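What follows is a single structure, written as structure tokens, with notes after it.
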Amino acid sequence: MTMIDTPDALKALVNRALDAPCVGIDTEFVWEQTYYPQLGIVQVGFAADDCHLIDAVALPDLSRLGALLSARDTVKILHDAQQDLWILRRITGAVPCNIFDTRCAAGFVGLGSTLSLNNLLRICLNIQLTKTETRTDWLRRPLSDNQRAYALDDARFLPALREHLLAEIQQRGRESYLADELRQYDVAKLYDDRVPEEQYMRVKGTGRLSRREMGIVRDLATWREKKARQIDRPKNRVLMDDVIVQIAKRKPQSIQALKKLRGIGRATANYYGRILLEIARRGAAIDIQNCPPISRPTRPNPVDEARLDLALAFLRGRCLSRGIDIAMVASRAEVRALIYNSKSEIENPLHTGWRYEFLGADLIALLNGERAICINPQTRLPELLRE
């Protein structure tokens, strides 16, 4: 194991990785006090006994690592890849390419697609990692031997794990499914920052607000997102969801009234009070047509609910019989959207790619009455829905 902490050493490691067929990659970061995660370590593993740590504290310029991240000829192996790739995309400026996510691959071989790396290694390779440094401050130096070993363990076995999972996938003839799923990581848009104007939809506690009140929530949430990025602080440290909802409902007219709201700190009210009052005032005055639409719960249509139950049973039966994790295929909301036509064919994953081939085409035919299921009272449901 070596600690890469100079530009020349980083260049040499990247050049070596570019000549390798595949490398394992992981990151360690700190994300409690900032809007963006602070990268401490990048782990690169060629084999169990050939692993390296890149010191992101000593090397604030990691743009050279971007050449590896975007290389088409070297497979980058990660577990639960999206967050690590988002961090590396932001740090290096490079768009990821040729990614192998062991979490995704596990979902195609009869294992859960939400398994931790520790559990996946234990099941597939009979390797038990020691998780003793989960609360490490990865920005503090020097790192202890235990901390270094802990970090290396998350990358050292990734090449062997990929080899094991690929053999299982090839045995099941699911290479095309996996390739289709992994292509999502090559899309630059996946790593874009969240759109500030859309973050109001993530604010909790808005279920009973009026349309105009939701307009205020939208504007406050937009301001909060931009401010959090500007000062690099977690957004709830800038303004909590509950405070946003209370401002929208009560529409305070003064700093004193603002300070009486539950959950707002005095410093926050003093520092940001005037802009919060102004946002609430403007939101209360805008045309109702420019406020976000709201949808109230409606009484379910018994026929459509019965079709939803049938579709979910078909989904479960097909996944159980074929050994593909249900979570990989579709959520209840996506199946519901298919029935209610609340998403376009492009938006609903069941209309495209491997999901359409595996389930979507048959499910649509079933729902349209183009396919019948013969029920034998002696047959269990998973057997009933295999084909």
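The values are calculated or read from the model by the stated rules, or taken from the named source; none is laboratory data. Small disclaimer: the values here were computed from a predicted structure and weren't measured. All Cβ positions, glycine included, derive from the backbone under ideal geometry; neighbour counts span all protein chains shown.
Please determine whether any residue of the range 321-333 is surrounded by fewer than 16 Cβ atoms within 10 Å (Cβ to Cβ), more than 21 Å from the chain's Cα centre (by Cα) and at positive phi.
Yes, there is a match, as at least one residue in the range 321-333 is surrounded by fewer than 16 Cβ atoms within 10 Å (Cβ to Cβ), more than 21 Å from the chain's Cα centre (by Cα) and at positive phi.
Enumerate the pairs (first residue in the range 43-70 and assigned by TED's automatic domain parsing to the domain that holds A155; second residue anywhere and surrounded by fewer than 18 Cβ atoms within 10 Å (Cβ to Cβ) and assigned to a strand (DSSP E or B)) with beta-carbon separation below 8 Å, excluding pairs fewer than 6 apart on the same chain, so at least 6 apart or on different chains.
Filtered contacts from the range 43-70: H52/T2; H52/M3; L53/T2; L53/M3; D55/M3.
This table checks each residue for (1) at pLDDT 90 or above; (2) surrounded by fewer than 16 Cβ atoms within 10 Å (Cβ to Cβ).
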residue: R316; (1), (2): yes, yes
residue: E347; (1), (2): no, yes
residue: L350; (1), (2): yes, no
residue: R371; (1), (2): no, yes
residue: P382; (1), (2): no, yes
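Go through L115, L125, L178, L139 for me and flag whichever is in the same structural domain as T27 (by TED's automatic domain parsing), under 24 Å from N98 (Cβ atoms) and in contact (Cβ under 8 Å) with a residue 60 or more places away in the chain.
Details: L115 fails: in contact (Cβ under 8 Å) with a residue 60 or more places away in the chain; L125 fails: in contact (Cβ under 8 Å) with a residue 60 or more places away in the chain; L139 fails: under 24 Å from N98 (Cβ atoms).
Among L115, L125, L178, L139, only L178 is in the same structural domain as T27 (by TED's automatic domain parsing), under 24 Å from N98 (Cβ atoms) and in contact (Cβ under 8 Å) with a residue 60 or more places away in the chain.
How many residues does the range 185-215 contain that are surrounded by fewer than 16 Cβ atoms within 10 Å (Cβ to Cβ) and either under 18 Å from the mean Cα position of the chain (by Cα) or not small (G, A, S) (or both)? Let's see the steps before the verdict.
To start, the set of residues in the range 185-215 that are surrounded by fewer than 16 Cβ atoms within 10 Å (Cβ to Cβ) comprises 186-190, 192-195, 197-198, 201-202, 204-205, 207-208, 210-211.
Imposing the further condition that a residue be either under 18 Å from the mean Cα position of the chain (by Cα) or not small (G, A, S) (or both) reduces the set to 186-190, 192-195, 197-198, 201-202, 204, 208, 211.
Adding up the residues that qualify gives 16.
If we scan the range 136-154, do we find a residue that is of a type in the set (V, I, T) and modelled with pLDDT of 95 or more? Step through it out loud before you land on a result.
As a first pass, look at the range 136-154 and keep what is of a type in the set (V, I, T): 136.
Next, only the ones that are modelled with pLDDT of 95 or more stay: none.
So far as the range 136-154 goes, no, none of its residues is of a type in the set (V, I, T) and modelled with pLDDT of 95 or more.
Can you name the residue in the range 181-197 that is without any contact (Cβ under 8 Å) to a residue 24 or more places away in the chain and of a type in the set (K, R) and, of all such residues, is nearest to G110 (Cα to Cα)?
First pass over the range 181-197, keeping only residues without any contact (Cβ under 8 Å) to a residue 24 or more places away in the chain: 183-184, 187, 189, 192, 195.
Subsequent filtering for residues that are of a type in the set (K, R) retains 183, 189.
Values: R183: 21, K189: 30 Å.
Once the filter is applied, the top-ranked residue is R183.
Looking for something farther than 16 Å from V329 by Cβ and assigned to a loop (DSSP other than H, G, I, E, B) - is there at least one such residue anywhere in the range 169-179?
Yes, there is a match, as at least one residue in the range 169-179 is farther than 16 Å from V329 by Cβ and assigned to a loop (DSSP other than H, G, I, E, B).
Of the residues that sit in the range 144-160 and are among the aliphatic types (A, V, I, L, M) and buried (at least 22 other Cβ atoms within 10 Å of the Cβ), which one is nearest to V57 (Cα to Cα)? I'd like the intermediate steps shown before the answer.
Of the residues in the range 144-160, the ones among the aliphatic types (A, V, I, L, M) are 149, 151-152, 155, 158, 160.
Narrowing the set further to residues that are buried (at least 22 other Cβ atoms within 10 Å of the Cβ) leaves 151, 155, 158.
Numbers: A151: 15, A155: 19, L158: 24 Å.
Out of the qualifying residues, it is A151.
Could you tell me whether the range 28-38 includes any residue that is of a type in the set (V, I, T), under 22 Å from the mean Cα position of the chain (by Cα) and crowded, with 18+ Cβ neighbours inside 10 Å? If you could, list the steps in order and put the result at the bottom.
Start the filter on the range 28-38 by keeping residues that are of a type in the set (V, I, T), which leaves 30, 34.
Checking which are under 22 Å from the mean Cα position of the chain (by Cα) leaves us with 30, 34.
With the extra rule that they be crowded, with 18+ Cβ neighbours inside 10 Å, the set shrinks to none.
No, there is no match, as no residue in the range 28-38 is of a type in the set (V, I, T), under 22 Å from the mean Cα position of the chain (by Cα) and crowded, with 18+ Cβ neighbours inside 10 Å.
Pairs needed: first member in the range 89-101, at positive phi; second member anywhere, assigned to a strand (DSSP E or B) and at pLDDT 95 or above; C-beta distance under 6 Å; at least 6 residues apart or different chains.
Correct list of pairs: N98/V75.
Please tell me if S113 is modelled with pLDDT under 95 and among the small types (G, A, S). Step through it out loud before you land on a result.
Numbers: modelled with pLDDT under 95: yes; among the small types (G, A, S): yes.
Criteria met by S113.
Quick one: in the range 262-281, of everything that is within 34 Å of the chain's Cα centre (by Cα) and more than 13 Å from P252 (Cα to Cα), which residue is surrounded by the fewest Cβ atoms within 10 Å (Cβ to Cβ)?
So the residue we want is A267.
Select from the range 221-256 the residues that are under 14 Å from A284 (Cα atoms) and either surrounded by fewer than 22 Cβ atoms within 10 Å (Cβ to Cβ) or aromatic (F, W, Y) (or both) and list them in ascending order.
Result: Q246, K249, R250, K251, P252, Q253.
Pick from R172, R218: which is modelled with pLDDT of 95 or more, in the same structural domain as V95 (by TED's automatic domain parsing), more than 22 Å from the chain's Cα centre (by Cα) and surrounded by 13 or more Cβ atoms within 10 Å (Cβ to Cβ)?
Numbers: R218 fails: in the same structural domain as V95 (by TED's automatic domain parsing).
The unique qualifying residue is R172.
Which of the residues belonging to the range 87-143 are over 27 Å from A56 (Cα atoms) and in contact with a His (Cβ under 8 Å, 6 or more places away or on another chain)? Give the derivation first.
So the first thing to find is which residues in the range 87-143 are over 27 Å from A56 (Cα atoms), and the list is 104-115, 119-120, 122-128.
Result: L120, C124, L125.
Going through R237, R229 one at a time, which residue ends up being part of a helix (DSSP H, G or I), under 24 Å from the mean Cα position of the chain (by Cα) and at pLDDT below 95?
Details: R229 fails: at pLDDT below 95.
Within the list R237, R229, the selection yields R237.
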